[in-house]
Amino acid sequence: MKNLIDFHVHIDYYKDYRSKIEHYEQNRIYALFVTNLPQIFNESMRLFSNLKYVKIALGYHPRFIKEEPFNKELFNKCISMTKYIGEVGLDYSDEFLDYKEEQQRIFKYICKKAGETNKILSVHSHKAEEDVLKILIDNNVKFAVFHWYSGSISFIKDILDAGYYFSINYSMLRTKKGTEIIKSIPLNRILIETDGPFSNFKGRPISPNDLSQVYNEIGRKIGVNDLSELAFNNLKNLLLSQLNSS
């Protein structure tokens, strides 16, 4: 299967992360290596500076807010090194609600910088979809991809109206709502992700080796024979839009 993409994967969380990167590169799979902290991005760029198919995104995961302050100075230093920002966003799970205002402050700052520099964002929005969308729009973020969306189906239209995309994964097929969400997204706004290794595939952490099966499973569910070609064209359109807006 040609033209596979994995638009959201935490490569550094695999014990054999080097072999995972080699798999993406050798098989010409376009992968977005999202990072949870600017420090991780900085180190990853130092270790892997000559990658062709794996792109490293500068991130600050909202769930790190309890344990690691946002390093604004390093974020500013790194932002010119990549066209991708992720994983970033808001998380209003009970565990993180006490940090809601701080999360918003950080995400607003990230979006302000991203909007000024035309970055593509991979966005976490768990139980915070409306606030995430408002902050993206308020800060003129033109290019955002909602990763593993779990909000209301009715709110999908608002995200689409803002021009944004969704990256969907195999784990979403395990629930009725997840499947309904996937079927509610127009085909021209779909990208594919694994969210590895945090997503499971047939009882184990998902791996890049599973991507062909993932595409087949999702394709059957939504009635698309060549999902790889569709998702690849969607990514090309996203990148072209970004290029033309620079």
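Only the coordinates and a few stated rules stand behind these numbers; no lab work does. None of these values were measured; they are calculated from a predicted model. Neighbour counts run over all protein chains shown; Cβ positions are idealised from the backbone, glycine included.
How much net charge surrounds Tyr215 when only other residues with a Cβ under 12 Å from its Cβ are counted (Lys, Arg +1; Asp, Glu -1)?
Spelling it out: positives minus negatives among the neighbours equals -3.
Please arrange Ser199, Ser19, Ser154, Ser207 by counting, for each residue, the other beta carbons lying within 10 Å of its beta carbon, fewest first.
Ser154, Ser19, Ser207, Ser199
Could you sort out which of Lys183/Lys236; Lys100/Lys221; Lys55/Lys112; Lys72/Lys119; Lys2/Lys142 sit more than 25 Å apart by Cα distance in this structure?
In this structure, Lys100/Lys221; Lys2/Lys142 exceed 25 Å between Cα atoms.
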